[in-house]
Amino acid sequence: MGGRERGREFGKTAPRTVTARIVERLSRNRVLRGIGLHPVVARPGYWFATAVGVTWGAVLGGFRVSRQGGVIVCAGMPRWAFGRGGTTIGAAYLTRSNTHSNVLEHEAVHRAQWRRYGLAFIPLYLAAGRNARTNRFEVEAGLSKGGYR
């Protein structure tokens with residue numbers, strides 16, 4: 001019996017699976033999808049995420065904040081404060097020093113995704129999976145530009 005089957009036996013399911021199921025069920029509901037992804041709802045979520053991202057990045061990065069390549073770059077952050085080479089939250093790109101033009105183009109696509117989906121982007125991204133090659137948001141942003149080989 002595999003780990004996933006064993007987990008179900010004891011009433012536990014992998015977190016990604018639960019998230020994917022919830023997102024899948026909600027995304028099938030046209031009314032919820034229409035309301036949740038409507039710009040009147042999504043845009044304030046994007047603004048909120050940007051405010052949180054810039055605040056987090058500015059404080060932890062020693063206020064090294066600049067605008068580059070369509071994103072607000074918060075550089076100089078400790079490695080534990082973001083994922084991989086950098087993470088975009090709203091319009092804020094959090095990184096230590098990964099600011100190559102290709103990466104910024106990749107992150108600008110994530111910024112646009114945040115703007116479109118608002119806070120719904122978080123469960124949507126998680127449901128898309130950790131494997132960048134199959135994560136539709138990473139594929140859309142450009143795997144090679146994002147440093148995925």
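Considering region 54-73 alone, what residues qualify as being over 22 Å from Tyr148 (Cβ atoms) and of a type in the set (A, V, I, L, M, F, W, C)? First the steps, then the outcome.
Keep residues of region 54-73 that are over 22 Å from Tyr148 (Cβ atoms), which gives 54-67, 72.
Answer for region 54-73, where residues must be over 22 Å from Tyr148 (Cβ atoms) and of a type in the set (A, V, I, L, M, F, W, C): Val54, Trp56, Ala58, Val59, Leu60, Phe63, Val65, Ile72.
Which one of the conditions (1) buried (at least 19 other Cβ atoms within 10 Å of the Cβ); (2) in contact (Cβ under 8 Å) with a residue 40 or more places away in the chain does His110 fail to meet, given that it meets all the rest?
Only one criterion in (1) buried (at least 19 other Cβ atoms within 10 Å of the Cβ); (2) in contact (Cβ under 8 Å) with a residue 40 or more places away in the chain is unmet by His110, namely (2).
Just checking, which of Phe121, Phe63 is of a type outside the set (S, T, N, Q), under 28 Å from Arg21 (Cα atoms) and either within 13 Å of the chain's Cα centre (by Cα) or modelled with pLDDT of 95 or more (or both)?
Criteria check complete, one pass: Phe121.
Suppose we filter region 70-86 for residues that are without any contact (Cβ under 8 Å) to a residue 40 or more places away in the chain and buried (at least 19 other Cβ atoms within 10 Å of the Cβ); how many remain?
7
Any idea which of Thr134, Thr99 is assigned to a loop (DSSP other than H, G, I, E, B), without any contact (Cβ under 8 Å) to a residue 40 or more places away in the chain and surrounded by fewer than 18 Cβ atoms within 10 Å (Cβ to Cβ)? I'd like the intermediate steps shown before the answer.
Working: Thr99 fails: surrounded by fewer than 18 Cβ atoms within 10 Å (Cβ to Cβ).
Step by step, each of Thr134, Thr99 is checked, and only Thr134 is assigned to a loop (DSSP other than H, G, I, E, B), without any contact (Cβ under 8 Å) to a residue 40 or more places away in the chain and surrounded by fewer than 18 Cβ atoms within 10 Å (Cβ to Cβ).
Criterion first (at pLDDT 95 or above, assigned to a helix (DSSP H, G or I) and touching a strand residue (DSSP E or B) at 6+ places or on another chain (Cβ under 7 Å)) does Ala108 satisfy it? Talk me through it step by step, then tell me what you get.
Numbers: at pLDDT 95 or above: yes; assigned to a helix (DSSP H, G or I): yes; touching a strand residue (DSSP E or B) at 6+ places or on another chain (Cβ under 7 Å): yes.
Yes, satisfied.
Being at pLDDT below 95 and closer than 22 Å to Gly129 by Cβ is true for just one of Val23, Val41. Which residue is that? Let's see the steps before the verdict.
Numbers: Val41 fails: closer than 22 Å to Gly129 by Cβ.
None of the other options fit; the residue is Val23.
Here's a check for you: in region 34-60, which residue that is over 18 Å from the mean Cα position of the chain (by Cα) and of a type in the set (Gly, Ala, Ser) is nearest to Leu104 (Cα to Cα)?
Ala58
The values are calculated or read from the model by the stated rules, or taken from the named source; none is laboratory data. Just so it is clear, the structure is predicted and the values come from calculations on it, not from any experiment. Glycine also receives a Cβ, built like all others from the backbone with ideal geometry; neighbour counts cover every protein chain displayed.
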